[in-house]
1. Subtracting the Cα-Cα distance from 0.36 nm times the residue separation, let me have the gained length for V99 to D121 in nm, one decimal.
2. Once phi is turned into ³J(HN,Hα) by the Karplus curve 6.51 cos²θ - 1.76 cosθ + 1.60 with θ = phi - 60°, what whole-Hz value does each residue of the stretch 198-203 show in order, with x for glycine and proline?
3. Looking at the chain, what % of its DSSP beta bridges pair antiparallel, to the nearest 5?
4. Add +1 for every Lys or Arg and -1 for every Asp or Glu among the other residues with Cβ under 14 Å from the Cβ of D71, and state the total.
5. Using alpha-carbon positions, what is the distance between the centroids of the stretch 1-20 and the stretch 84-114, in Å?
6. Summing Lys, Arg as +1 and Asp, Glu as -1, what charge do residues with Cβ under 12 Å from the Cβ of G107 carry, G107 excluded?
7. May I ask you to order 180-190, 6-16, 140-150 by the average number of other C-beta atoms within 10 Å around their residues, highest value first?
8. Hey, what do the phi angles of the stretch 174-188 turn into as Karplus ³J(HN,Hα) couplings, whole Hz, using 6.51/-1.76/1.60 and θ = phi - 60°, x for Gly and Pro?
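Derivation of every value follows stated rules applied to the coordinates shown; laboratory data play no part. None of the values given here were measured: they were computed from a predicted structure. Because the Cβ atoms are built from the backbone with ideal geometry, glycine has one as well, and the counts that use them run over all protein chains shown.
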Amino acid sequence: MRPFPRLHLITDTRPGREPLAVVEAALGVAGEHLAVQVRVEDDATDREAYELAARVRALCAEARAICLVNDRLHVALAVGADGGHVGALDLPVDAARRVLGPYAILGATAREPATARAAVDAGASYLGVGPAYATRTKDGLPTPIGVEGVAAVARAVGVPVIAIAGVTAERIPELRAAGAHGVAVIGALSQAPDPVEATKALWDALR
Ligand SMILES: Cc1ncc(COP(=O)(O)OP(=O)(O)O)c(N)n1
Ligand SMILES: Cc1ncsc1CCOP(=O)(O)O
Ligand SMILES: [Mg+2]
């Protein structure tokens, strides 16, 4: 079986961002070691989500990278993605597992050990754990859990823990030391002046 990717790029579809160009740049560096999660803004239409996901899925297939879809599992199924990711406001994990089937990759968001264990028991195959640090990318997040919070979740579960929020290449060593399998990033790539160099820095810190 393929090792689960340590670097997860989440698309940034806010105005002025270029999600496909960033995905192409990252795939050129990390290729099959990358997971790309298609995430659109809440007010995007399903058609917009589908069109972006279909293009990302095609790019990932070419690079043999994993393609995941955030929230909208019908879009994941429609484009033939490898799986999806759900959080507290999305389908419950057991329902998401039923939608995606037994073999799909299913991620769930967790910030503390009890919910992390519950998500795994309900069928999550990896956990997105955070917010690890403060971030300006998403509003309304709770207080960051820090490396100690990531470590507490990592100790509690046997599935890969993917740290999220405010992750930079410089922070990867402490997250890995805390037991994180890998990281998920939006801003570290989408706001980088050079996404190729930024991917190299993240990937070098992870391998
Ligand atoms: C890898 C990963 N971790 C956490 C999240 C956040 O999911 P959620 O809490 O449902 O928030 P939205 O991303 O849907 O706004 C994620 N997407 N990926
Ligand atoms: C979608 C999401 N969920 C928790 S933090 C976050 C965004 C993280 O973005 P960044 O990597 O730019 O801090
Ligand atoms: Mg969600």
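1. 6.3 nm
2. Once θ is set to phi - 60°, the couplings for the stretch 198-203 become 5, 5, 4, 5, 5, 5 Hz.
3. On the way: 0 of 28 bridges.
Expressed as a percentage, antiparallel bridges in the chain total about 0.
4. Details: positive: R39, R72, K138; negative: E41, D42, D43, D46, E48, D90.
Net of charged neighbours comes to -3.
5. 18
6. On the way: positive: R39, R97; negative: D71, D82, D90.
Charge balance in the 12 Å sphere: -1.
7. Values: 180-190: 24.4, 6-16: 19.4, 140-150: 15.0.
Highest mean packing first, the order is 180-190, 6-16, 140-150.
8. Computed from phi, the couplings for the stretch 174-188 are 6, 5, 5, 5, 7, x, 5, 6, x, 9, 10, 10, 10, x, 4 Hz.
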